[in-house]
Amino acid sequence: KLVALYVIIPLTGIAAILYYLVNNPPTGISQDGSSGSKASASWWLLFVARQVITFSLALLMQLLLIDFLALGTRILLRLCGPILTLLIVQSKGYPFVIFWWSIFDFCMLYEGEFARHWLFWQDAIGLFNTKNPSGNVVNSVWNMRILTIAISVSAAVAVKRFLVGLYMARQTYAHYGQKLARVMNKMLLVSEVAGLAKEIEKSSKNHNLVFPVPSENFGKGNLDFALSPVDDDDSTAGTSHRRAVSIVDEGGDDVIDMTNRDPLTGSLNHSEKLKIMQLLERWEEPDRYSNHHLDEVASISAVLRFRNALAMMEKQFPFSYAFGPADTREAFIESAQKVYSRLLMRTPDQIVLHFETLALLAMHKDGTIDHQRAKDLVKLFRPDRQGKLTMLDFLKSADRVYKEYRLL
């Protein structure tokens, strides 16, 4: 709409004024003194308008081919294979746009009556047919040279991007591939907890709490088994996990008051930011990912999957819509506190969440327990030996996952 309103329509209007009111002035004089072989000013304006249309078609092609078919679905990967798909994806930007702009110009603005006037077949409007002098612009050798150079240069840049991008992507995948898988598994657990919290909230509002009673379904023995020591990289985290719990209330109130904001800027007040640094781990969110140099080779399909996974994570809701916004650390903490409050709705008479609520995710429909899934939940959220999990503990555990995600 903006292109049509601010470019195409004004150019067409000025061209009409020149053609009908100013005797359609030419842009040059031929060798014989006439203007027959020179394009008129109105035709040049229409030619620019048509260039804008073909440029818009190139942008639309990028949106369809790269953003939707290549990155949004697996259609292009199945049709063209990984090599061509990665080449197309790496060309995103001016190489892709210029390449397709030149292709559309070759099809629609090079040689022939259609290239001179798109509406050459009609006689009603002389501005758009052969009555308006077009000269030899579309048939000129310079038109062909410019389009050929544009296609060649953009294709060369795309190939260079493909080769450099493939090399760098393989190094990045070799270094981060396994780590990304681990982080995404943790993010999936957090998103499933958020989904459970949503279900508990719905059931609580409908006064139809259909979840089983913890002591009857999970049991003390299963709880002790899940809380038994585990061998993993985070096994030492439990000892220092609650060092700040004594300075805050262990109840269900929010640890960070996300409503305490500056009325002018809307940002969180310094006192609440300081609490985040004191109660949670002190770290800063990065602006971009860093690449590391390794000599391990990855397949192109793996590189594409890795790239798609990173693209999916760089969104406002990387932990699912049920969890809430998590594009910044403050938004993540606010969403995590809301998830904790929803989980507490299952046991409204308690002010501290019990692990048995989270353990519902480890229960099968027949009532049996998936012990490995229960242990994964314990490793992630670190309840105490009685199975209790304060809001601060919950925030710390979730914040560690967010940190791994942001520092990946």
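The values are calculated or read from the model by the stated rules, or taken from the named source; none is laboratory data. Please read these numbers as outputs of a predicted model, since none were measured by experiment. Quick note on the areas: whole protein, heavy atoms, side chains included, nothing else; ligands and nucleic acids left out. Shrake-Rupley method; radii C 1.70, N 1.55, O 1.52, S 1.80 Å.
Output the pairs from Lys338/Lys403; Lys92/Lys186; Lys92/Lys403; Lys198/Lys396 with a Cα-Cα distance over 26 Å in this structure; if there are none, say none. As for pairs spanning more than 26 Å Cα to Cα, those are Lys92/Lys186; Lys92/Lys403. Pairwise inverse Cα distances across the range 37-143, averaged and inverted, put the Kirkwood hydrodynamic radius at 15.6 Å. Heavy-atom accessible surface of the range 337-408, averaged per residue, reaches 38 Å², computed with a 1.4 Å probe. Put simply, the amide H of Lys388, placed in the peptide plane, has neighbours under 5 Å in Phe355, leaving out anything fewer than 5 places away on its chain.
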